[in-house]
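Undergrad: Once you've had a glance at the structure underneath, I'll fire off some questions.
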Amino acid sequence: MYVYDEHDRQIAAERVAQFRDQTDRALAGELAEEEFLPLRLQNGLYVQRLAPMLRIAVPYGMMRSNQVRRLARISRDYDKGYAHFTTRQNVQLNWPNLEDVPDILAELAEVEMHANQTSGNCIRNTTTDQFAGVQEDEITDPRPYCEIIRQWSTFHPEFAFLPRKFKVAVNASEKTDRAAIQVHDIGLQIVRNESGELGFRVHVGGGLGRTPMVAPVIREFLPELDLLTYMEAVLRVYNRYGRRDNKFKARIKILVKALTPEGFAEKVEAEWAHIKDSPTKLTREAIDRIKGYFTEPDYESLENASDLLARQRFENRAFDQWLTHNVDTHKKTGYAIVNLTIKETGTPPGDVTDRQMEQIADLADEYSFGEIRVTHQQNVVLADVRQDRLFELWQAIVPMGFGTANLNTLTDVICCPGGDYCALANAKSIPVAEAIQRRFDDLDYLYDLGNIDLNISGCMNACGHHHVGNIGVLGVDKKGEEFYQISLGGSSHHDASIGKILGPSFAREAMPDVISTIINVYVDKRTEEETFLDTYRRIGIDPFKERVYA
Amino acid sequence: MPDIVLQDGSIKQDDWVVVSRPEDGDSLNPPNQKALIPVDLWLAGYERYAGREDIGVWFDSHQEPETLGDKVNELTVIAVNFPKFTDGRGYSIGRLLRERMGYQNELRAIGDVLLDQLQFMKRCGFDAYALRPDKDIQKAARCLGFFSQGYQAATDTDTPLFRRRAG
Ligand code: HEM
Ligand code: SF4
């Protein structure tokens, strides 16, 4: 994992001093609220319905155990003893005091953490696959590129006041896309060209929100060393020509659409021609230096523990289910990737208490070289667990509430905070997730249904990514009452697509029944092999519509 | 005349005025003193204005620096307007004027110029800042100096941190 050197430490310390000064001036009335707003947003500080909310950056979702312990302590000392893992692999505190934020930042800086650019109209935290570096089918580890982008984008002087926020995601796997790159402003797919050289396929202009869009490809192959100059060209074109007259039309996706992807690409190429060989061009040495931080941990040479696991599975059905659903194949023999689910029925998805964070840190130290990853599905990954210790680990996590074997099933819901916490909400979202989780509490039935992404947002800002859920739920306001609109057929993976609206919306009480009906249509119509999305794509929306509105 | 902040945070007396764009139909009448006029009008009246040391130009944030072409160094002052401090186009204009077009003389930020934006302006090639008058000009030096280094190459340095680390 990346470790700060004296430069990073200095910049982090200077940033804390700067934000302290800004906060002091804001509290002293020298900065008008509208002047302080972008400054605090660029530091992850929102002011919410009930209290400020502080979004802390977790670059590409990776943390060390000491960082998680620090978050636990901060949430206890400055907040109500819990935090929230977000869909952009960050961590949020829901109740800090404005005056305390500089102290919180100083505590974070001590463990090489910060809240820079986690909000505001700037380049946000770059995200990637939570299985980076440990999966079998990846072209190369994407994390060094994420770190290179993090450094380049941190306090970039030209791009601190973009028309709108800007999000980058990197994916390196050939078969899967766990980073949802095609719904980002820039999505980078790591590829090799015919001559075997490493580079990126560049998607620009994806996003959710009001105008959901899947990002078109604007360059099929960008050589590795050109990463930053090309991104600088994209950002410059966007900074100069993106719309600033209407907040809802200000994302880069609108510019790409207006110019057409080809027209946009031409403008970028023309800009890039000027700066391609500028000092911002990466060097082999610079990349290798960053790669040096992402070396493998000290794996032991082990055999796969197949016999042992087979016996343990046979003896314990719950362990068997957990292994099937929550444990993934590791590139290294004898190791496994473990997903801890933070989705217990009755708790908001992604919420963790200070005690749970400490438990997670302890588990990481004991079982996984002290490293933790936050996933975009709001779960936590221990990436390097010995297979012969899986049973022991499982026994430890079940009482902690991290062992629900529902990964990727219907009840592994992505859900925004909604009306319980968020000032912008049209409707509550957490109680809907909870009601659905209660309805579908039979694990065997869930397994039989296979992978289904259910995503819930409390308003069209789409924090819960409802457009790309196989089943998406959106809170809407109808004459002051909370209703829910359903869309079907979205996907955030390689085959990314935006869901289609089913029809008129429903009251909250009706939601579990409606979801059941939708699931029943799938069960009736599916062929042996089909996932929910496959069936939907084959039969279309009408059979669902007919049954739901019958 | 309001004072101007320089890159090191020092304060200089200033005698340039910004002449706003005349209403439709009216013609531009620069006052009898050093004046910054809209860049497109300077270009349109080039015969009249060329070579005059008491005339500079200002860009609005949607205007394109490329329009100045190789005339850029005929000007001793170019200003860029930030109509709203959240409008970041001026940063690109600054870098393009300096890095692409090779502008050598004073580059001044005007308009909604606040303390916390000075650091970015400095890195994008601006060397004079007409701070909004209600802001405390004595704090400018501090706000320009929070950071001792940055990660990227920009107008102020052509060596990004990844190249300095290699050295
Ligand atoms: C509690 C207060 C929150 C507020 C007020 C809030 C507000 C917003 C707003 C206004 C947007 C703008 C969308 C756009 O510009 O298109 C947005 C987007 C987003 N939010 Fe939140 N949010 C909150 C919490 C969260 C949480 C907890 C998460 C993670 C679970 C989250 C994840 C996201 C994501 C991923 C997007 C981007 C969607 C896109 O790509 O357009 N938000 N949020
Ligand atoms: S989707 Fe809407 S309701 Fe949900 S957190 Fe975002 S802004 Fe709030």
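Undergrad: Based on this model, can you work out whether A:Leu37 counts as assigned by TED's automatic domain parsing to the domain that holds A:Ala12 and outside any strand (DSSP E or B)?
TA: For A:Leu37, the condition - assigned by TED's automatic domain parsing to the domain that holds A:Ala12 and outside any strand (DSSP E or B) - is met.
Undergrad: Sticking with this one: Sort out which residues of the stretch B:123-134 are within 8 Å of another protein chain (Cβ to nearest Cβ) and either more than 17 Å from B:Phe85 (Cα to Cα) or open to solvent by 20 Å² or more (accessible area, probe 1.4 Å) (or both), and write them in order of number.
TA: The answer is B:Arg123, and nothing else.
Undergrad: Looking only at the stretch A:429-444, how many residues end up being away from ligand 2 (no atom under 16 Å from the Cβ) and open to solvent by 40 Å² or more (accessible area, probe 1.4 Å)?
TA: Final tally of qualifying residues: 6.
Undergrad: Next question. Restrict the check to the stretch A:266-286 and report whether at least one residue is more than 26 Å from B:Glu99 (Cα to Cα) and in the same structural domain as A:Tyr145 (by TED's automatic domain parsing).
TA: No.
Undergrad: Take the conditions within 16 Å of ligand 1 (Cβ to nearest atom), part of a loop (DSSP other than H, G, I, E, B) and of a type in the set (Gly, Ala, Ser) and apply them to A:Ala423. Does it pass?
TA: Spelling it out, A:Ala423 is indeed within 16 Å of ligand 1 (Cβ to nearest atom), part of a loop (DSSP other than H, G, I, E, B) and of a type in the set (Gly, Ala, Ser).
Undergrad: With the requirement that a residue be within 14 Å of chain B (Cβ to nearest Cβ) and within 23 Å of A:Asn379 (Cβ to Cβ), what does the stretch A:120-132 give you?
TA: The answer is A:Thr126, and nothing else.
Undergrad: Now a separate question. Tell me whether the stretch A:387-408 contains one or more residues that are within 18 Å of the chain's Cα centre (by Cα) and more than 21 Å from A:Val91 (Cβ to Cβ).
TA: Checking the stretch A:387-408: at least one residue is within 18 Å of the chain's Cα centre (by Cα) and more than 21 Å from A:Val91 (Cβ to Cβ).
Undergrad: Now, a different point. Across the stretch B:144-158, what is the number of residues that are touching a residue at least 60 places away in the same chain (Cβ under 8 Å) and over 17 Å from A:Phe159 (Cα atoms)?
TA: The number of residues fulfilling the criteria is 2.
Undergrad: Any residue in the stretch A:204-220 that is at positive phi and of a type outside the set (S, T, N, Q) sitting within a Cβ distance under 7 Å of a residue that is open to solvent by 40 Å² or more (accessible area, probe 1.4 Å) and assigned to a loop (DSSP other than H, G, I, E, B)? List the pairs, counting only those 6 or more apart or interchain.
TA: From residues that are at positive phi and of a type outside the set (S, T, N, Q), the pairs are A:Gly209/A:Met460; A:Gly209/A:Asn461.
Undergrad: Spot the failing condition for A:Asn451; the list is (1) in contact with a helix residue (DSSP H, G or I) (Cβ under 8 Å, 6 or more places away or on another chain); (2) assigned to a strand (DSSP E or B); (3) open to solvent by 10 Å² or more (accessible area, probe 1.4 Å), and only one is missed.
TA: The single condition A:Asn451 does not satisfy is (2).
Undergrad: Scan the stretch B:143-164 for residues that are more than 7 Å from chain A (Cβ to nearest Cβ) and open to solvent by 20 Å² or more (accessible area, probe 1.4 Å) and report the count.
TA: 5
Undergrad: Give the residues of the stretch A:409-423 that are within 6 Å of ligand 2 (Cβ to nearest atom) and open to solvent by less than 30 Å² (accessible area, probe 1.4 Å), sorted by residue number.
TA: Across the stretch A:409-423, the qualifying residues are A:Cys416, A:Gly418.
Residues are listed down the side, and each one gets a yes or a no for (1) within 16 Å of ligand 2 (Cβ to nearest atom); (2) surrounded by 21 or more Cβ atoms within 10 Å (Cβ to Cβ); (3) part of a strand (DSSP E or B); (4) at pLDDT below 90:
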| residue | (1), (2), (3), (4) |
| --- | --- |
| A:Ile56 | no, yes, yes, no |
| A:Tyr60 | no, yes, no, yes |
| A:Met63 | no, yes, yes, no |
| A:Val68 | no, yes, no, no |
| A:Ile74 | no, yes, no, no |
| A:Asp77 | no, no, no, no |
| A:Lys80 | no, no, no, yes |
| A:Thr87 | yes, yes, no, yes |
| A:Trp95 | yes, no, no, yes |
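Undergrad: Does any residue in the stretch A:362-382 that is under 16 Å from A:Gly133 (Cα atoms) and in the same structural domain as A:His84 (by TED's automatic domain parsing) come within less than 9 Å, Cβ to Cβ, of a residue that is part of a strand (DSSP E or B) and not aliphatic (A, V, I, L, M) six or more places away or on a different chain, and which pairs are these?
TA: Between residues of the stretch A:362-382 that are under 16 Å from A:Gly133 (Cα atoms) and in the same structural domain as A:His84 (by TED's automatic domain parsing) and residues that are part of a strand (DSSP E or B) and not aliphatic (A, V, I, L, M), there is no close pair.
Undergrad: Collect the residues in the stretch A:217-264 that are open to solvent by 30 Å² or more (accessible area, probe 1.4 Å), of a type in the set (Asp, Glu) and modelled with pLDDT of 95 or more, keeping them in residue-number order.
TA: The answer is A:Glu220, A:Glu262.
Undergrad: Here is a follow-up. Within the stretch A:334-365, track down each residue that is among the β-branched types (Val, Ile, Thr), assigned to a loop (DSSP other than H, G, I, E, B) and farther than 17 Å from A:Trp394 by Cα.
TA: Matches in the stretch A:334-365: A:Thr345, A:Thr347.
Undergrad: So, one more: Out of A:Gly475, A:Gly489, I need the residue that is crowded, with 21+ Cβ neighbours inside 10 Å, under 27 Å from A:Gly206 (Cβ atoms) and within 16 Å of ligand 1 (Cβ to nearest atom). Which one?
TA: A:Gly475
Undergrad: Here's another thing I want to ask about it. Restricting to the stretch A:133-158, name every residue that is more than 7 Å from chain B (Cβ to nearest Cβ) and within 14 Å of A:Arg236 (Cα to Cα).
TA: Within the stretch A:133-158, A:Ser153 is the sole residue that qualifies.
Undergrad: Pick from the stretch A:290-340 the residues that are crowded, with 16+ Cβ neighbours inside 10 Å and free of Cβ contacts under 8 Å to residues at least 24 places away in the same chain: which of them is nearest to the chain's Cα centre (by Cα)?
TA: Step by step, filter the stretch A:290-340, then rank; the result is A:Asp320.
Undergrad: Moving on to the next point. Give A:Asn455, A:Asn470, A:Asn426 a once-over and let me know the one that is touching a strand residue (DSSP E or B) at 6+ places or on another chain (Cβ under 8 Å), within 11 Å of ligand 2 (Cβ to nearest atom) and within 25 Å of A:Trp322 (Cβ to Cβ).
TA: From the options A:Asn455, A:Asn470, A:Asn426, the qualifying one is A:Asn455.
Undergrad: Taking the stretch A:102-118 only, how many residues are buried (at least 21 other Cβ atoms within 10 Å of the Cβ) and in a loop (DSSP other than H, G, I, E, B)?
TA: 5
Undergrad: Six or more apart or on different chains, Cβ atoms under 9 Å: show the pairs whose first residue is in the stretch A:6-27 and in contact (Cβ under 8 Å) with a residue 12 or more places away in the chain and at the interface with another protein chain (Cβ under 7 Å from one of its Cβ atoms) and whose second is of a type in the set (Phe, Trp, Tyr) and in a helix (DSSP H, G or I).
TA: Matching pairs, first to second residue: A:Gln22/A:Phe36.
Undergrad: To continue, here is another question. Check whether at least one residue in the stretch A:187-202 is within 14 Å of chain B (Cβ to nearest Cβ), assigned to a loop (DSSP other than H, G, I, E, B) and touching a residue at least 24 places away in the same chain (Cβ under 8 Å), and report yes or no.
TA: no
Undergrad: Does any residue in the stretch A:446-469 that is at positive phi and more than 10 Å from ligand 1 (Cβ to nearest atom) come within less than 7 Å, Cβ to Cβ, of a residue that is in a loop (DSSP other than H, G, I, E, B) and of a type in the set (Val, Ile, Thr) six or more places away or on a different chain, and which pairs are these?
TA: Hits for this filter: A:Gly450/A:Thr531.
Undergrad: Further question: Failed condition for A:Leu41, given (1) away from every other protein chain (no Cβ under 14 Å); (2) under 30 Å from B:Asp136 (Cβ atoms), with all others met?
TA: It fails just one condition, (1).
Undergrad: Here is a further query. For the structure I just gave you, tell me whether B:Arg108 is basic (Lys, Arg), away from chain A (no Cβ under 14 Å) and either surrounded by fewer than 23 Cβ atoms within 10 Å (Cβ to Cβ) or within 11 Å of the chain's Cα centre (by Cα) (or both).
TA: yes
Undergrad: Here is a list: A:Lys267, A:Lys281, A:Lys253, A:Lys257. Which entry is charged (D, E, K, R), within 14 Å of chain B (Cβ to nearest Cβ) and outside any loop (DSSP other than H, G, I, E, B)?
TA: The match here is A:Lys267.
Undergrad: Next question, about the same structure. What single numbered condition from (1) part of a loop (DSSP other than H, G, I, E, B); (2) closer than 26 Å to A:Asp420 by Cα; (3) open to solvent by 20 Å² or more (accessible area, probe 1.4 Å); (4) not charged (D, E, K, R) fails to hold for A:Gly29?
TA: Going through the list (1) part of a loop (DSSP other than H, G, I, E, B); (2) closer than 26 Å to A:Asp420 by Cα; (3) open to solvent by 20 Å² or more (accessible area, probe 1.4 Å); (4) not charged (D, E, K, R), A:Gly29 breaks only (2).
The values are calculated or read from the model by the stated rules, or taken from the named source; none is laboratory data. Everything numeric here is computed off the predicted structure, so don't read it as measured data. Using ideal geometry, Cβ is built from the backbone for each residue, glycine included, and neighbour counts are taken over all protein chains shown. We work out accessible area using only protein heavy atoms, side chains counted, and drop any ligands, DNA or RNA first. Shrake-Rupley method; radii C 1.70, N 1.55, O 1.52, S 1.80 Å.
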